[in-house]
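The values are calculated or read from the model by the stated rules, or taken from the named source; none is laboratory data. This is a predicted model, so every value here is computed, not measured. Here the Cβ positions follow ideal geometry from the backbone for every residue, glycine too, while neighbour counts run over all protein chains shown. SASA here: full protein model, heavy atoms, side chains in, ligands and nucleic acids out. Shrake-Rupley method; radii C 1.70, N 1.55, O 1.52, S 1.80 Å.
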Amino acid sequence: MAALPVQDSSTKPLLERMVASRQLSSLDADTLAKNPLLKSEEEVLRWLAAEYGLGYTTLDDVEPDRQLLSLFPARILLKEELLPLKRDNGHVEVATSRLFATQGIDSLKTLTGLNLKPVLASTEAIQREIKKRLGVGADTIGTLDEEKGLEVLDENAEGNNLDEGAEDEASIIRFVNQVLKDAIELRASDVHLEPFEDEFRIRYRIDGELQEVPVPAQLKRFQPAIVSRVKILSHLNIAEKRLPQDGRIKVRIEQAEVDIRVSVIPMLHGEAVVMRLLRQNSTLRGLREIGMNKRELEHFQHVLRLPHGIILVTGPTGSGKTSTLYTALNEINDSVRKIITVEDPVEYQLKGVNQIQVNEKSGLSFARGLRSILRHDPDVILVGEIRDAETAQIAVQASLTGHLVFSTLHTNDAPGALTRLVDMGVEPYLVASSLEAVLAQRLVRVLCPHCKQADVSPTAQALKAKLGIPAERTIYKSIGCRECRNTGFYGRHAIFEWMDTDEEIRQLILKSASTDQIRNAARRAGMTTLAEDGWRLVGAGVTTVEEVLSVTTAKEVERATAANNGESAASIAVAR
């Protein structure tokens with residue numbers, strides 16, 4: 001009998017679970033129970049492999065034979081958690097974590113006539129590889145493909161109603177649910193369903209990057225039905241296929257509510273769908289936990305105590321502006337202040353904060369909502385976005401009448417927000433007297449802690465010198481592993497650029513000065529640019545140089561590098 005590893009009495013529940021799932025026999029469990037117990041499923045499976053003379057694999061370096069895989073029904077592989085690996089001396093090796101659940105392998109033997117040999121692997125590894133090889137929802141699509149009499153209506157037909165076939169509808173419902181559940185579990189912010197001539201592609205945006213999702217090859221056949229199901233969930237017109245439509249879905253998964261914003265647009269080969277996932281129950285971090293440098297944090301805390309004025313957060317879509325503003329509101333949310341927000345959409349629900357949902361169809365715009373807010377005696381107002389001159393004018397007037405106003409604006413950097421307001425039609429003297437501070441931000445991906453490696457290459461050393469990072473400090477590079485889906489990154493971190501509107505900047509606004517002049521004045525007052533804050537994170541081992549370069553402009557990099565050593569950043573691009 002194989003030697004037993006050091007035991008741990010806390011693993012009795014593990015053995016019970018493995019017996020219940022047919023991974024372990026009762027006899028083997030009794031044998032292990034008399035000795036110190038194993039700590040994980042993997043350790044128990046390795047012991048079983050040694051005990052029964054079987055192989056064990058982590059599946060990390062195994063590339064299953066796709067031609068071999070096509071011989072087996074996806075439905076059985078997924079249901080029984082079996083993964084055919086390769087042919088070996090007249091046998092076919094099949095990875096399983098449930099050695100004593102023999103019905104699955106027996107079914108495959110009967111269907112294929114092949115001689116199958118089990119190889120043990122962990123449940124997590126098998127599920128991961130099956131999803132990668134067969135695609136999301138392969139069992140559902142496989143079932144649909146096998147059903148006789150299934151007819152997917154032409155995508156241009158007027159009556160594409162899934163209610164006509166209960167079985168077909170159930171299968172499509174299950175597939176769409178699987179896609180959404182998978183996206184939520186992978187922390188995706190968006191789901192893209194994209195029709196092309198010969199495929200229906202699904203991609204998730206994870207940590208700001210689009211990642212293609214493996215899907216069954218025959219998915220294209222069911223494209224109209226899948227889009228129609230999304231439309232039904234979103235309360236959209238499934239017969240309308242010529243015009244863009246917008247809707248929303250609300251789902252719950254494991255006590256977490258997710259609000260899904262749906263956009264459907266007709267494309268050349270069918271309708272494309274983008275679903276934005278907004279997690280309603282996300283826990284807000286405190287102001288000190290959002291990763292600001294000491295100077296920016298102190299200035300932010302100072303403006304939160306002001307009785308009136310405008311604080312703007314700028315950046316492109318998806319740069320975390322709303323999350324930062326909610327963190328600020330949460331910091332000052334108490335019983336003596338009345339806080340009202342007008343947003344599109346309401347991304348977080350804050351207890352004690354009055355929140356208004358913009359509804360353009362019914363006539364409730366930002367400007368109209370903001371005018372109504374002022375009659376509700378607020379102390380603090382959050383405007384989701386300043387989109388037009390009318391909203392900008394009302395926000396300025398609100399700040400001048402004793403309200404603290406927070407909002408977002410789409411500009412490349414903090415100084416650009418001032419000239420943007422003037423371009424929108426707000427008088428310079430009103431901007432100068434109302435605007436208190438501007439915070440620009442971007443999101444950079446965080447290096448995966450499981451696989452990041454120190455970068456000791458000559459290029460990295462040269463970059464450290466250019467960026468003013470001490471030579472003894474280690475910078476890291478991305479590698480990629482199972483934990484981060486081979487991207488090298490897991491999660492995101494904000495970089496910030498904080499600009500106070502001091503007296504010099506107010507005078508420049510009154511003179512209609514250029515953005516460059518305002519930026520130079522802000523730099524003299526101590527403003528740190530986005531690129532400089534990015535280099536701080538590179539030096540702290542949080543992210544990579546490439547990540548900072550990907551979210552900042554060439555001019556920002558030049559200014560940051562010049563501030564460090566007076567040299568141009570052109571050499572950085574060359575080194576990169």
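For V92, only one of the following conditions fails: (1) in a strand (DSSP E or B); (2) under 13 Å from T57 (Cβ atoms). What is its number?
(2)
Assuming R285 fulfils every condition listed in (1) open to solvent by 20 Å² or more (accessible area, probe 1.4 Å); (2) out of contact with any His (no Cβ under 6 Å at 6 or more places or on another chain); (3) at pLDDT 90 or above apart from one, which condition is it?
Here R285 clears every test but (3).
Can you say whether A465 is hydrophobic (A, V, I, L, M, F, W, C) and surrounded by 21 or more Cβ atoms within 10 Å (Cβ to Cβ), as far as the supplied structure shows? Walk me through it before giving the result.
Working: hydrophobic (A, V, I, L, M, F, W, C): yes; surrounded by 21 or more Cβ atoms within 10 Å (Cβ to Cβ): no.
When the stated conditions are applied, A465 does not pass them.
Do the conditions hold for E331, that is, is it under 29 Å from the mean Cα position of the chain (by Cα), open to solvent by 60 Å² or more (accessible area, probe 1.4 Å), closer than 21 Å to V303 by Cβ and not polar (S, T, N, Q)? Explain how you work it out, then say what you get.
Working: under 29 Å from the mean Cα position of the chain (by Cα): yes; open to solvent by 60 Å² or more (accessible area, probe 1.4 Å): yes; closer than 21 Å to V303 by Cβ: yes; not polar (S, T, N, Q): yes.
Judged against the criteria, E331 is a match.
Please give the helices (runs of 4 or more DSSP H) falling wholly within segment 410-469 in which 1 or more residues are farther than 29 Å from K511 by Cβ.
On the way: elements: 415-423, 428-434, 458-467.
Where helices (runs of 4 or more DSSP H) fall fully within segment 410-469 and carry at least 1 residues being farther than 29 Å from K511 by Cβ, they are 458-467.
Criterion first (modelled with pLDDT under 95 and under 30 Å from A328 (Cα atoms)) does R492 satisfy it? Spell out the reasoning first.
On the way: modelled with pLDDT under 95: yes; under 30 Å from A328 (Cα atoms): yes.
Taking the combined requirement at face value, the residue satisfies it.
Quick check: anything in segment 248-266 open to solvent by 50 Å² or more (accessible area, probe 1.4 Å), of a type in the set (A, V, I, L, M) and touching a residue at least 12 places away in the same chain (Cβ under 8 Å)?
Scanning segment 248-266, I find at least one residue that is open to solvent by 50 Å² or more (accessible area, probe 1.4 Å), of a type in the set (A, V, I, L, M) and touching a residue at least 12 places away in the same chain (Cβ under 8 Å), so the answer is yes.
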